Amino acid sequence: MSSTPGGTPRTRVHVVSDVHGNARDLARAGEGADALICLGDLVLFLDYADHSRGIFPDLFGEENADRIVELRTARRFEEAREFQRRLWAGIGADKAAAIEKGVRKQYAELFAAFPTPTYATYGNVDVPPLWREYAGPGTTVLDGQRVEIGGRTFGFVGGGLRTPMRTPYEIDDEEYAAKIEAVGEVDVLCTHIPPEVPELVYDTVARRFERGSRALLDAIRRTRPRYSLFGHVHQPLVRRMRIGATECVNVGHFASSGRPWRLEW
């Protein structure tokens, strides 16, 4: 905890999201802060900016990664799934075991990089059952739960909603809404996905609307938290906007920026 020039104690929290394998910068993300908050997506399955990075190119090579990105960007999801099925058949590997091995390798490095204390929730590409194995005593994992930091109440809701991408931690709208309801009224509402507002869910590089949450938007309007913090959309049309009394902030694509978003009070 820091102090103002007059001696009043201050609390600073750093917030990251969409880490996607960036352990080097994650190790420094908590410097100067009283706590680090991570809004998920630790795993890097495929880097859309650098197709040589991630579990997919490690298994199948950069050329095949180029092709899968091309198909997904064109929203040809069924072709992309068929292409992946052929790749898996070609190497004769146990898909689940191969992916888990890659995820475990990344989680070992990333969880070791978290400072103490860290408060974290899952992203849509994360594998929640594995977090219990890798989260150390300084990392608190929260999903549909609250915690107090520096006298303010923070609520956490992890995961994403169902999409054609079929990423690992996508859940039904009703389950997601129940977690939002369980959190209740908080000062800072921390989620992986944004509220369902066109400007906040449109990705200007991918040229598509990602899925935001209507339940989250309704909760923001109803409970009026000071902040709604989220990630998920890597290159949003708008990074910050007010919804009533609430400042809604996309904290940024940490994998590419390497910089946390800062909240101080």
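Packing order of peptides 251-257, 240-246, highest average first: 251-257, 240-246 (average count of other Cβ atoms within 10 Å over each peptide's residues).
Extents of region 125-265, largest first, come to 39, 37, 34 Å (Cα atoms, principal axes, whole angstrom).
Two tests apply to each whole DSSP H helix in the chain, Cα reach of 15 Å or more along its axis and mean Kyte-Doolittle hydropathy of at least -1.0, and the ones passing both are 77-91, 95-113, 173-183.
Backbone geometry of region 248-265 corresponds, through the Karplus equation with coefficients 6.51, -1.76 and 1.60 at θ = phi - 60°, to 3J(HN,Hα) couplings of 9, 10, 7, 6, x, 8, 4, 4, 9, 7, x, 10, x, 8, 10, 10, 9, 8 Hz, x marking Gly and Pro. Converting phi to 3J(HN,Hα) with the Karplus coefficients 6.51, -1.76 and 1.60 and the offset θ = phi - 60°, region 29-41 yields 5, x, 4, x, 10, 7, 7, 10, 10, 10, 9, x, 6 Hz in sequence order, with x at every glycine or proline. Averaged over residues, the count of other Cβ atoms within 10 Å places the peptides 182-195, 57-70 in the sequence 182-195, 57-70, highest first. Expressed in units of 2.2 N^0.38 Å, where N is the residue count, the Cα radius of gyration of the chain is 1.01. For Thr153, nonlocal amide neighbours, meaning residues 5 or more places apart or on other chains whose placed amide H falls under 5 Å from its own, are Asp187, Val188. Counting only protein chain heavy atoms and rolling a 1.4 Å probe, the accessible areas of Arg208, Arg76, Arg132 rank, largest first, as Arg132, Arg76, Arg208. Think of it as helices only: each DSSP H run of n ≥ 4 in the chain is worth -39500 (n - 2.57), and spread over all residues that comes to -10000 deg cm²/dmol at 222 nm. Put simply, the amide H of Arg208, placed in the peptide plane, has neighbours under 5 Å in Asp203, leaving out anything fewer than 5 places away on its chain.
Using a probe of 1.4 angstrom and keeping all protein chains present, the accessible surface of the chain works out to 47 square angstrom per residue.
Close amide H partners of Thr140, meaning residues 5 or more places away or on another chain with modelled amide H under 5 Å apart, are Thr118, Tyr119, Ala120.
The values are calculated or read from the model by the stated rules, or taken from the named source; none is laboratory data. The structure presented is a predicted model; accordingly, all values stated were derived computationally and were not measured. Backbone-built Cβ (ideal geometry, glycine too); neighbour counts: all protein chains shown. Only protein heavy atoms, including side chains, enter the accessible area calculation; ligands, DNA and RNA are left aside. Shrake-Rupley method; radii C 1.70, N 1.55, O 1.52, S 1.80 Å.
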